[in-house]
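J.: Supplied in structure tokens, the structure appears directly below.
Nothing in this text is a laboratory measurement; each read-out follows from the coordinates by a stated rule. Note that the structure is a prediction, hence the values are computed from the model and not measured. Note that we place each Cβ from the backbone using ideal geometry, even for glycine, and neighbour counts take in every protein chain shown.
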Amino acid sequence: MPELRLGVVGCGGYMRNTLYPMARALPMRLVAACDINPQNLEKFATFFYTPRVFLDFQEMLAKEKLDAVICAANAQTHFEVAKACLQAGVHVFVEKTPCETAAQARELSELSKKAGKVVAVGFNRRYATAYALAKDIIASPSFGASMYYSKFNASVYGSNDYFVFNHIIHHIDLARFLLGEIKLESTLWKKESDASCASVISFTSEKGVIGTIQCASMLEEAYPMERLDIAGTGGNVVVDNLKGLRWNRTAPARDKDFASPLLEGGDCLSWNPSHGYGLGNGVFSYIGMEAELAAFAEAIQSGKANGCVAIGDCVGTMSFMEDVRRVAGEKLGFAVAGA
Ligand SMILES: NC(=O)c1ccc[n+]([C@@H]2O[C@H](COP(=O)([O-])OP(=O)(O)OC[C@H]3O[C@@H](n4cnc5c(N)ncnc54)[C@H](O)[C@@H]3O)[C@@H](O)[C@H]2O)c1
């Protein structure tokens, strides 16, 4: 396959430090970059030797013959860029949160089908090794998933609304990825300040699992800490901070003075990234950033959008988030933007 001609939109911290560097193994060639902020654009374009730069994404799409765009800016821009890309016949990857409403997600999904172009979404947890392993484990009928509990703490956000909209969404999407569709049952909220809060969100899943997402923006560190625990009739799975998975299976009979439980079944199987040097995609590839971009390229080349997290898969995430955001606005005292 010939290399895809790539444009990027939004050359801020995440694009420059994480997303674009993670794209280095893709069959793509960077031909243009766009940002409304000239300093961010210049910094990105200088470091990554970008041939042409634009302050307006519409102008970039009109002047460059692009095959694909990667966009990391904000939800409103993600929606506008995705729509403009589809109108221009260009595949697009947008970061989370992919748009502002469930209705916009539906609209993009329809446009994507009509245009025959991919709209992929950067919910990287769906590609994280430990969560993908957890999904495989709980899919087995003998696991019998019945209870779900996830807990995370992020650092203080710009506002409580933005925390709900831009961070809790990761964990809403993760719950849907693991359990299928979920329905909001109840919530608890604690307000620390206008930029820091905690919440317990309870839900039921279409397959009868009951669950909670405990979340807060009170961490005194840059990167969120998170834990997942899924209990079933045949054991439980714990994912600790994306870096470790334990599958606690029913213990074998302790009727020998020695045991080889890994061979005989029972006891705990676990996974963690080895601490050796990471060849290929790199030391942190288990977090899913490289894999989500590789899936985007693969979906373009194979013509099968469902190989990656397509915007149509995110409609349920967006509509659950709308329900949570409405209650959060009432309980924490903020007006929901755009409501
Ligand atoms: N998946 C993850 O774990 C993860 C982590 C960090 C950030 N993100 C997402 O990435 C996105 C960007 O985050 P960031 O931290 O880089 O923010 P940032 O503010 O540093 O960068 C955003 C950039 O987009 C530019 N921009 C805004 N509107 C634009 C427009 N209309 N056209 C062109 N450029 C425009 C801004 O000027 C800025 O340079 C957010 O949506 C965020 O949620 C995801």
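J.: So who's got an amide H within less than 5 Å of the one on Ala145, skipping anything under 5 residues away but keeping other chains? H placed 1.01 Å off N, in plane.
T.: Counting only residues 5 or more places away or on other chains, the set is Thr233.
J.: What are the extents of the Cα atoms of region 122-246 along their three principal axes, listed from largest to smallest and rounded to whole Å?
T.: That gives 45, 30, 23 Å along the principal axes, largest extent first.
J.: Next question. Please find the FRET efficiency linking Ala251 to Ala337, where r is the Cβ-Cβ separation and R0 is fixed at 51 Å, and quote it to the nearest 0.05.
T.: Given R0 = 51 Å and the Cβ-Cβ separation, E is 0.50.
J.: Okay, moving on. Mind putting a number on the dipole of the chain about its Cα centre? Charges go on the C-beta only, +1 for Lys and Arg and -1 for Asp and Glu, and I need it in Debye to the nearest 20.
T.: Taking the Cα centre of the chain as origin, the dipole is about 400 debye.
J.: FRET efficiency for Asp240 and Lys191, Cβ-Cβ distance as r, R0 = 35 Å, nearest 0.05?
T.: That gives a FRET efficiency of 0.80.
J.: Further, regarding this structure: So what J values fall out for region 63-73 if you push phi through Karplus, 6.51 cos²θ - 1.76 cosθ + 1.60 with θ = phi - 60°, rounded to Hz, Gly and Pro as x?
T.: For region 63-73, the Karplus-derived couplings read 8, 9, 8, 9, 9, 8, 10, 10, 10, 9, 9 Hz, x marking Gly and Pro.
J.: Students often forget the sequence filter, so: which lysines lie under 17 Å Cα-Cα from Lys183 once same-chain residues fewer than 8 apart are removed?
T.: Within the straight-line limit of under 17 Å, Lys183 reaches these lysines: Lys207.
J.: Counting pairs of Cα atoms in region 67-154, how many percent are more than 15 Å apart? Don't skip to the answer; put the middle values down first.
T.: Values: 2493 of 3828 pairs.
So the portion of pairs separated by more than 15 Å is 65 percent.
J.: Now, a different point. Given a Förster radius of 25 Å and the C-beta distance between His275 and Asp136 as r, what FRET efficiency does 1/(1 + (r/R0)^6) yield to the nearest 0.05?
T.: 0.60
J.: Given a cut-off of under 8 Å on Cα pairs at least six residues apart, what relative contact order in percent is computed for region 1-65?
T.: Reported relative contact order: 34 percent.
J.: Given the options Met218, Met289, Met22, state which has the largest fluctuation in a GNM of the chain using a 10 Å cut-off (strictly under) for Cα springs.
T.: Among Met218, Met289, Met22, the largest mean-square fluctuation in the Gaussian network model of the chain belongs to Met218.
J.: Continuing with the same structure: When the distances between all Cα atoms of region 1-142 are binned every 10 Å from zero, what whole-number percent does each bin get?
T.: Histogramming region 1-142 at 10 Å steps yields 12, 40, 32, 12, 3, 1 percent.
J.: In the structure shown, do any of Lys43/Lys190; Lys96/Lys243; Lys65/Lys114; Lys83/Lys243 have a Cα-Cα gap over 32 Å, and if so which? Before the final figure, lay out each step's value.
T.: Working: Lys43/Lys190 40 Å; Lys96/Lys243 22 Å; Lys65/Lys114 20 Å; Lys83/Lys243 36 Å.
Table pairs above 32 Å Cα-Cα are Lys43/Lys190; Lys83/Lys243.
J.: Test of understanding: ordering Leu4, Leu86, Leu108 by Cβ neighbours within 10 Å, fewest first, what list do you get?
T.: Leu4, Leu86, Leu108
J.: Could you go through region 206-221 in sequence order and give the Karplus-derived ³J(HN,Hα) for each residue, using 6.51 cos²θ - 1.76 cosθ + 1.60 with θ = phi - 60°, rounded to whole Hz, and x for Gly and Pro?
T.: Once θ is set to phi - 60°, the couplings for region 206-221 become 4, 9, x, 7, 9, x, 9, 10, 9, 9, 8, 10, 10, 7, 9, 8 Hz.
J.: For helix 75-87, report the angle its Cα long axis makes with the longest principal axis of the Cα atoms of the chain; keep it between 0 and 90° and round to the nearest 10°.
T.: Taking the Cα atoms of the chain, the angle to 75-87 is about 60 degrees.
J.: A follow-up question, please. Tell me the angle of helix 129-139 to the major Cα principal axis of the chain, expressed in degrees between 0 and 90 and rounded to the nearest ten.
T.: Computed tilt is about 50 degrees.
J.: Exactly which trypsin sites (Lys or Arg not before Pro) in region 19-59 are in a DSSP loop and have at most 15 other Cβ atoms within 10 Å?
T.: Arg24
J.: Quick check: residue separation of Asn37 and Glu221 times 0.36 nm, minus the Cα distance between them. What number comes out in nm?
T.: Length gained, Asn37 through Glu221: 63.5 nm.
J.: Hey, in the GNM for the chain with a 10 angstrom Cα cutoff, which one of Ala105, Ala115, Ala253 fluctuates hardest?
T.: Of Ala105, Ala115, Ala253, the Gaussian network model singles out Ala253 as fluctuating most.
J.: If you add up the charges near Leu55, with Lys and Arg at +1 and Asp and Glu at -1, over every other residue whose beta carbon is less than 15 angstrom from its beta carbon, what do you get? Mind dumping the intermediate values first?
T.: Values: positive: Lys43, Arg52, Lys63; negative: Asp35, Glu42, Asp56, Glu59, Glu64, Glu80.
Within the 15 Å Cβ shell, the charges total -3.
J.: Select from Ala23, Ile36, Phe57 the residue farthest towards the positive end of the dipole of region 1-57; place +1 on Cβ of Lys and Arg, -1 on Cβ of Asp and Glu, and compute about the Cα centre.
T.: Of the listed residues, the answer is Ala23.
J.: Report, by chain and number, residues whose modeled amide H sits under 5 Å from the one on Cys268, excluding near sequence neighbours (fewer than 5 apart, same chain).
T.: It is Arg249, by chain and number.
J.: For a quick check of your reading of the filter: which chymotrypsin sites (Phe, Trp or Tyr not before Pro) in region 31-126 sit in a DSSP loop and have no more than 13 other Cβ atoms within 10 Å?
T.: Answer by residue number: Tyr49.
J.: From the phi of every residue in region 190-198, what ³J(HN,Hα) in whole Hz does the Karplus formula 6.51 cos²θ - 1.76 cosθ + 1.60 yield, where θ is phi - 60° and glycine or proline is x?
T.: The phi angles translate into 10, 9, 8, 7, 5, 10, 8, 7, 9 Hz.
J.: Continuing with this model, one more query. Can you sort Ser319, Ser217 by how many other beta carbons sit within 10 Å, fewest first?
T.: Ser319, Ser217
J.: Between Thr233 and Gln76, what is the spin-label point distance in nm, taking each point 7 Å from the Cα along the Cα→C-beta axis?
T.: Modelled inter-label distance: 5.1 nm.
J.: Quick check: the angle from helix 38-47's long axis to the longest principal axis of the chain, C-alpha only, nearest 10 degrees?
T.: With rounding to tens, the tilt is 80 degrees.
J.: Take Glu298, Glu95 and order them by how many other Cβ atoms sit within 10 Å, fewest up front.
T.: By the 10 Å Cβ count, ascending, the order reads Glu298, Glu95.
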